[in-house]
Each structure stands twice: as structure tokens, then as C-alpha cells.
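The values are calculated or read from the model by the stated rules, or taken from the named source; none is laboratory data. Being a predicted model, the structure only gives us computed values, none of them experimental. Virtual Cβ from ideal backbone geometry, glycine too; neighbours counted across all protein chains shown.
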Amino acid sequence: MRIATQSRYAIIALVDLAVHSKDIYPVNLNNISKRQNISLSYIEQLFARLKSAGIVESYRGPGGGYLLSKPAKEISIAAVVRAVDKNHTSNKEQSPTDTIWQELENRMQDYLQGIYLDSLVPDSPLLEVAEETVEQQAEKLARRRQATHTEAHPAKARSMSQRVARKVKPLANSVFDWGRYISDAPKA
């Protein structure tokens, strides 16, 4: 078993997927590509192999992407390497030294069979995203607009900030925020 670059990238991408999916949200390959600085077309090729091996599942449409097909604690690194490695079998004639290399490959296989994806996933996510309330988003937008307007027209800055504060509608970042926003809106 040779650990090729494609196997390393597949493992890196799967760890990223496990960290950012939280087991319920599909992760877009473009996001993995940007975070890990790996070519998108290369990741697409790897994930096609991982999907055919049953390691990941794909979801189409808005919010689509990939998820692990089973828990990370059930996916061995050896299975990932076998899934993406193109040359895991050889049709060459055996030479006298091939038995040594075959024994080494068998030991590597045994070793990697005992390592699971969940052991590579950090306990705390790499990128913690602070959740902002709808009010915090509206205030941030108002401050940006005010700063931009203040630089252009300092005399009108005070009256503009008051108008912006009244006009800014909260930005909803989830279905739940929309529900709260709609339920708090005045009834017509």
C-alpha cells in the first residue's frame, strides 16, 4: 500500500468535511478546496472515487454538497487509501525483493486499518463561527453605512445615521430567525 499524494489529500478533505459538516449539513467541495488550498477539480475527482466506494454521499440543490456516509469512527484510513488509490494492484512479474515490499505493504495496511477518521478530527472545530443575532447584524450594517457616509459628507452624518437606523431591517441568517422576525412584525 503506497500512500500517494491523492490519498493524503483525500484524508485532509475528509477531515475538513467531518469538522465542518457536523454530521447533518452537506459541505460544498468549493469550500473545502478554498480552506485546504487544493484544486477544486482534483477534489472533485477524489470525491467521485470516495462516493463510489461508499465513503461519502452527495446531495444536490441549494445547500447541497457532501456528507460522510457513515460515522467518522467507522471509516478507516485504509479504506480511504484503497478508495482513491488507482494503483493498488500490480500485474508485474514478481522479483525476489517483491516479497519484502509486499510484507511492508501488508503491515502498512494493518496499521492504517486501525486508524479511524474520527481520531484525526479535532475535538473543537477549527473555525468557530460566532453566531450573531439579527439585531447585531442590523447594527453592524448601520455602522458600515454610517462610516461610509461620514467619510463622504461629514455634515450629514448625524441625520443619516438616524435614518439608516430606522430603515435597516434585520438580516435573517436562518429559517428560525425569519420566523422570529415575522412573528415580531406588526400585523397589518
Residues located in segment 92-105, provided they are closer than 30 Å to E74 by Cβ and either charged (D, E, K, R) or touching a residue at least 24 places away in the same chain (Cβ under 8 Å) (or both): E103, E105
Scan segment 21-57 for residues that are surrounded by 19 or more Cβ atoms within 10 Å (Cβ to Cβ), in contact with a strand residue (DSSP E or B) (Cβ under 9 Å, 6 or more places away or on another chain) and within 14 Å of A83 (Cα to Cα) and report the count. 4
Number of the condition not met by I75 [criteria: (1) at pLDDT 90 or above; (2) out of contact with any strand residue (DSSP E or B) (no Cβ under 9 Å at 6 or more places or on another chain)]: (2)
Could you list, ordered by first residue, the pairs with Cβ atoms under 8 Å in which the first is in segment 9-20 and within 17 Å of V84 (Cα to Cα) and the second is in a helix (DSSP H, G or I) and of a type in the set (F, W, Y), at least 6 apart or interchain? Y9/Y42; A13/F47
Anything in segment 23-60 that is among the charged types (D, E, K, R) and either within 24 Å of L112 (Cα to Cα) or in a helix (DSSP H, G or I) (or both)? List them, or say none. D23, K34, R35, E44, R49, K51, E57
Are any of the residues in segment 86-103 over 20 Å from L120 (Cα atoms), at pLDDT 90 or above and not in a loop (DSSP other than H, G, I, E, B)? no
